[in-house]
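Beneath this line is the structure, given in structure tokens, with notes to follow.
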Amino acid sequence: MSSLTTGLKGRAELGVALLLGAAGALVLWDAIGLVTPYSKSDPVGPKTVPYIVGALLIICAVLLAINVLRGGKGEAEGGEDVELGHPADWKTVLPLAGAFVLNILLIDWAGWVISGTVLFWGSVLALGSRHYVRDGIISVALSLLTFYGFYLGLGIALPAGLLEGVL
Amino acid sequence: MDVWSSLMDGFATALTPMNFLYAVIGVILGTAVGVLPGLGPAMTVALLLPVTYALEPTSAFIMFAGIYYGGMYGGSTTSILLNTPGESSSVVTAIEGNKMAKAGRAAQALATAAIGSFVAGTIGTTLLAVCAPIVVKFAVSLGSPSYFAIMMLALLAVTAVLGSSRLRGFASLGLGLAIGLVGLDSVTGQRRLTFGQPLLSDGLDIVVVAVAIFAVGEALWVAAHLRRTPLHIIPVGRPWMGKQDWKRSWKPWLRGTAFGFPFGALPAGGAEIPTFLSYVTEKRLSKHPEEFGKGAIEGVAGPEAANNAAAAGTLTPMLALGLPTNATAAVMLAAFTSYGIQPGPQLFTSEGPLVWALIASLFIGNLLLLIINLPLAPVWAKLLQLPRPYLYAGILFFATLGAYSVNLQAFDLVILLVLGALGFMMRRFGLPVLPLILGVILGPRLEGQLRKTLQLSAGDPAGLWSEPIAVVIYIIIGIILLWPLLFKLFRRNRAAAAPAGPQLKSGSSAPNEAGGSVSHASHRASGGDGGDGDGDG
Amino acid sequence: MTIVVGYVPTPEGEAALTQAIAEARKSNTKLLVINSSKGDALVDNRYAQEPEIQTVEDRLATEGIDHVIKQPVRGHDAAAEVLDAAEEHNAEMIVIGLRRRTPVGKLILGSVSQRILLEADCPVLAVKA
């Protein structure tokens, strides 16, 4: 059992190496596609730095993969409000990300007041609050306040969306 | 350019009613975020960046300065009352501070922390005002090759020295540099890493990147690992100190300041090492060594002073050279760029009034913090009862709002989420976030200096070491990079001879750059771990 | 049969505990002390720490009351925990402490006591501190 879980955890960190490698490859591939007319005023050109960065990423990816296979492990970050004893709580994180995505989809069409309300209310719910009505009131109040605060105080007009004309 | 008259002008600017108001807002916000779990000064400044676009840059920076110093104060409150150091720099404070609080001396612990921070902050800011112009005078004589070398040093020092794994530091740096590449190449105008997406051709907004990594990544990470067992705060009245406490505190304050400032000013110096050094020194010099581990006031006074002096020290390279050495300074530097202000040695001449107003506001903020914090400590402690759902939902809400308001594009929110997920992953697998942020901010400037250098030398790489300062810095970089190797050799040769004693002494005379960074790496290896271990218990 | 008491380390909580001890002695029943936290804030002063619980434990032991102390942290609010415990142990009575609150404070904050009063299936004894 324990060897299985450590094996799986090790594999999860290999994903990081994979991501680094992919990022490095992407940077290199993009750099190759650039055209550089040689010029005296710019001997370095736009390609050099991407090549170095891409190489750095790929080297890190390889070394990290070796490090992980040899049993190296990144130390998860602690914090005053973090308990590392239990595994990641996806039941909290995924709905939270869901509320975030919903906000992205709604913001231009429905406007900030609606999408912001959805975002805050959804996040609070995902994080485990069960005072539906109180949370709803706080969400609407926050969204309205920021909408008017940005408009009147900072001169930034957040999208009004569906409520155009009402607000 | 007389320092004194410039500073007085700075006070005149910082004391106008509006700017004073922003200073007050800054220190209150700063203390609040220092006290609240999960929020740090870097995240707060990042979250506020978009909101402050409508403000005068001067007002905005006065507020940021307040947040920066306030965050340091607030952090000590939770360390002492709860034994949960929020930032690595307050880990040491928690060791003795919490013991004092448990022994019923919370008021004295908070008082010595607050007054010590004030003393250290004031001395540190004075040193900043004196040193920064000198550094500038020296820096304006430097050319591109030296700048390139100095930036390399800052990047590599932060990456190689801080954090527990160098490899993961470099991985993070690489990601940051790659993010910094996105957009139009400033010289040839070619699109790099834009994948035909026109929205990417302006590059990724640094505000969006900072908010994503610091705020969204952190909120998601904490949400995945919420602490379930509630802690109990040690009730506290108004902080105060008796005569005996003053007598035992003032020397540690001054010694802590002496440790903190130079380390803060070094690339990758940070606040963690000086706080630990200060703790060890006080333990050795104390007349009451038996109290250490049971709540010795010197063990709170020294490290807290070191911590705040380091904060002031950090601002020296930030203002004088445009080099950030910690997360908050990095975000503040990003703020300069967003206002169209070019950071670097020209800053003191081109934006003199702003810089001096900022320095003056640091003095004011320090005093405000003392006035606000001594009587209000019990109120700040109440903040900790805020239910988490509201706290973290609030962070996400304001992160979204801030990132969106920069360009009013939903596309930025997609970037925010993607980079937030990256921030989450980095925290999960122990990749430090600071090298990434520095890579994003310094990467493009580093490339600019590289191209300028080689343009001057007509493509000859020897141009890179054409200035003596550059050569010296490359040697330092070499030593830092090879340090683990050298350290092993050193250990093998000297076997079990002389343990930590002489090394610690060398750290106290740190102002010279070369000696400082090198001895510092050794403390990290020998000392830093011990400090962390104690704090978590 | 048992008596359930909602305990918090405050004057109201102590008053409720004192009354509950008297009730338990009178009817010679078991006393179930509930001190819960939702666990949703970093600090919860209503959640009793080790020394406080020890004091309660000692007090109940010296008074010679048959008792159980429970400190659930499950993300439920205090009212739900007390009601759950009452139902599970088929309680004959719930004892709670009340504090004075203005009507406005009541409106904003909601009330644990109110929910217990409204939803409990057994008699509820509310004590003022």
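The values are calculated or read from the model by the stated rules, or taken from the named source; none is laboratory data. All values derive from a computational prediction rather than experimental measurement. When we count neighbours, we look across all protein chains shown, and the Cβ atoms used for this are built from the backbone with ideal geometry, even at glycine. We work out accessible area using only protein heavy atoms, side chains counted, and drop any ligands, DNA or RNA first. Shrake-Rupley method; radii C 1.70, N 1.55, O 1.52, S 1.80 Å.
Computed values, structure above
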| read-out | value |
| --- | --- |
| Heavy-atom accessible area per residue - the protein assembly as shown, 1.4 Å, Å² | 41 Å² |
| Candidate residues B:460, A:42, B:202, C:40: accessible-area rank, largest first, probe 1.4 Å | B:202, B:460, C:40, A:42 |
| Helical segments meeting 18 Å axial Cα length and Kyte-Doolittle 0.0 threshold in chain B (DSSP H) | B:17-35, B:57-82, B:106-139, B:144-161, B:166-181, B:298-321, B:352-382, B:388-407, B:410-428, B:434-456, B:468-494 |
| Span from the the stretch B:240-263 Cα centroid across to the the stretch A:117-152 one, whole angstrom | 45 Å |
| Under 10 Å, Cβ to Cβ, from residue A:67 - net charge with Lys/Arg +1 and Asp/Glu -1 | +2 |
| Helix runs (DSSP H) in chain A reaching 27 Å along axis by Cα, Kyte-Doolittle at least -0.5 | A:2-32, A:48-69, A:90-110 |
| Pairs of alpha carbons in the stretch B:431-485 whose separation is greater than 13 Å (percent) | 71 percent |
| Cα centroid separation, the stretch B:293-323 to the stretch B:347-398 (Å) | 17 Å |
| The protein assembly as shown shape via C-alpha gyration tensor axes, a/c threshold 1.5 | prolate |
| FRET efficiency estimate (nearest 0.05) - Cβ-Cβ, residue A:35 to residue C:71, R0 51 angstrom | 0.15 |
| DSSP loop trypsin sites (Lys or Arg not before Pro) with at most 11 other Cβ within 10 Å: longest gap in chain A | A:71-167 |
| Taking chain B and dividing mean pair separation by its residue count, relative contact order in percent (alpha carbons under 8 Å, at least six apart) | 27 percent |
| Above-threshold pairs, the threshold being 23 Å between Cα atoms, out of B:99/B:251; A:47/A:73; B:102/B:243; C:30/C:70; B:102/B:382; B:382/C:38 | A:47/A:73 |
| Distant-in-sequence amide H partners of residue C:44 (H built 1.01 Å from N, under 5 Å) | B:231, B:233 |
| Built amide H within the under 5 Å cut-off of residue C:30, gap 5+ | C:3 |
| Span from the the stretch B:69-120 Cα centroid across to the the stretch C:1-41 one, whole angstrom | 36 Å |
| Carbon/sulfur fraction of accessible area - the stretch B:3-536, other protein chains in place, 1.4 Å, % | 67 percent |
| Accessible surface buried upon B-A contact (total; probe 1.4 Å; Å², nearest 100) | 6600 Å² |
| Where only C-alpha atoms are counted, convex hull volume of chain B per residue in Å³ | 147 Å³ |
| Environment charge at residue C:57 (Cβ cut-off 14 Å; Lys +1, Arg +1, Asp -1, Glu -1) | -3 |
| For residue B:77, net neighbour charge (Lys/Arg +1, Asp/Glu -1) across residues whose Cβ lies under 14 Å away | -1 |
| Nearest 10 degrees, 0 to 90: helix C:78-88 Cα axis against chain C principal axis | 40 degrees |
| With at most 15 neighbouring Cβ atoms within 10 Å, loop trypsin sites (Lys or Arg not before Pro) (DSSP) excluded, longest segment of chain C | C:1-73 |
| Volume of the Cα convex hull of the stretch B:11-151, divided per residue and given in Å³ | 148 Å³ |
| Sorted largest first, extent of the stretch A:90-163 alpha carbons per principal axis (Å) | 38, 24, 20 |
| Exposed chymotrypsin sites (Phe, Trp or Tyr not before Pro) absent: longest stretch of chain B, with sites in DSSP loops and at most 12 other Cβ within 10 Å deemed exposed | B:241-537 |
